[in-house]
Amino acid sequence: MTRIEDFNEYPTIMRFYQELDIIRALQKMPLDYLRDNAGAFKNLIEALSYSHGENVGSIRRGNEEEFIHFSDWLDHTWEELGFENGDETSNIFRVTIDDVANEYPGWEEEARKRDMENSILMNALHELCSTHQILSEVTQSDVYKRGSEVTAEYLVAEIIVQLANHVSDKKDDVKTICEKLGSVVADLRTSVAELTRNSVSAALDMSGDNGLTLKKLLPPGLIRANQRPS
């Protein structure tokens, strides 16, 4: 059984799929286990509530119902455990895409455009992974297997780390993949492009000397403007 402490290393503002991991796992935990670990359970819900409040921009019609169902479960569980102010804790999980759109006019259309570009990029990433042997390890990663629950920048990071691992022994293949990826990102017009470049930058930093070598092979479209050679 998944335990509460399995989520201790999750960041303060989680990836949206990490929030999904938590709510799915919690609903499978026996009530007695939650009662015996009431303090840790409360702390996790508090952390999850904060993260979800920061991630409301990731709410879509395809996932909002799962969080609403979780809020109902949380109300019931809170009451069963004798906790107070359960509704105050669960309300954040009832926020819908319509709520966000009402608060920020024009947001839903912008989100639709981002989702479309994210889908284009994800399709390109999956094609790269399926056609280039040096990316075969990426196809075994949790991020790759989660499909549409993951936004493209996280899969980009996995790919960049893998390319950095092979930048010395498979330089020609690495350069070809970088050029293909760069051409896709160059055509993006929403924040997906900048998120991708941020992800590339972080992955390069994680890759040490190999990351520095790989950076020299990257087309401008994959490098943040303030980091491009002058």
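Points to keep in mind about this one:
- Of all residues in the stretch 205-214, those that are surrounded by fewer than 17 Cβ atoms within 10 Å (Cβ to Cβ) and not β-branched (V, I, T) total 5.
- V185 vs. criteria of a type outside the set (S, T, N, Q), surrounded by 21 or more Cβ atoms within 10 Å (Cβ to Cβ) and within 20 Å of the chain's Cα centre (by Cα): yes
- Flag for R114 being basic (K, R), in the same structural domain as T196 (by TED's automatic domain parsing), closer than 26 Å to R61 by Cα and crowded, with 16+ Cβ neighbours inside 10 Å: yes
- Just one of the listed residues (D21, D36) is of a type in the set (D, E, K, R), modelled with pLDDT of 95 or more and loosely packed, with under 13 Cβ neighbours inside 10 Å, and it is D36.
Conditions tested, residue by residue: (1) under 24 Å from I120 (Cα atoms); (2) among the polar types (S, T, N, Q); (3) surrounded by 13 or more Cβ atoms within 10 Å (Cβ to Cβ); (4) modelled with pLDDT of 95 or more.
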{"residue": "E158", "(1), (2), (3), (4)": "yes, no, yes, yes"}
{"residue": "Q162", "(1), (2), (3), (4)": "yes, yes, yes, yes"}
{"residue": "E194", "(1), (2), (3), (4)": "yes, no, yes, no"}
{"residue": "K216", "(1), (2), (3), (4)": "no, no, no, no"}
{"residue": "G221", "(1), (2), (3), (4)": "yes, no, yes, no"}
{"residue": "P229", "(1), (2), (3), (4)": "no, no, no, no"}
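- Selection within the stretch 73-102: residues that are in a helix (DSSP H, G or I) and small (G, A, S). The member of this set that is surrounded by the most Cβ atoms within 10 Å (Cβ to Cβ) is S90.
- Screening the candidates V184, V156, V167 for the property of being among the β-branched types (V, I, T) and outside any helix (DSSP H, G or I) yields one hit, V167.
- Filter pass, G62 being under 21 Å from the mean Cα position of the chain (by Cα), over 20 Å from L34 (Cα atoms) and not in a helix (DSSP H, G or I): yes
- Neighbours by Cβ (under 8 Å, 6+ apart or cross-chain): first from the stretch 64-84, assigned by TED's automatic domain parsing to the domain that holds R94; second of a type in the set (S, T, N, Q) and surrounded by fewer than 15 Cβ atoms within 10 Å (Cβ to Cβ): F70/Q27; S71/N91; W73/Q27
- Meets criteria (under 17 Å from the mean Cα position of the chain (by Cα), among the aromatic types (F, W, Y), part of a loop (DSSP other than H, G, I, E, B) and not assigned by TED's automatic domain parsing to the domain that holds E149) for Y50: no
- Lone qualifier among T131, T139, T196, T176 - being in contact (Cβ under 8 Å) with a residue 60 or more places away in the chain and either over 21 Å from I59 (Cα atoms) or of a type in the set (S, T, N, Q) (or both): T196
- Flag for I59 being farther than 30 Å from A186 by Cα and either in contact with a helix residue (DSSP H, G or I) (Cβ under 6 Å, 6 or more places away or on another chain) or of a type in the set (A, V, I, L, M) (or both): no
The values are calculated or read from the model by the stated rules, or taken from the named source; none is laboratory data. Just so we're clear, the structure is a prediction, and the values are computed from it rather than from any experiment. Positions of Cβ are backbone-derived with ideal geometry, glycine not excepted, and every protein chain shown enters the neighbour counts.
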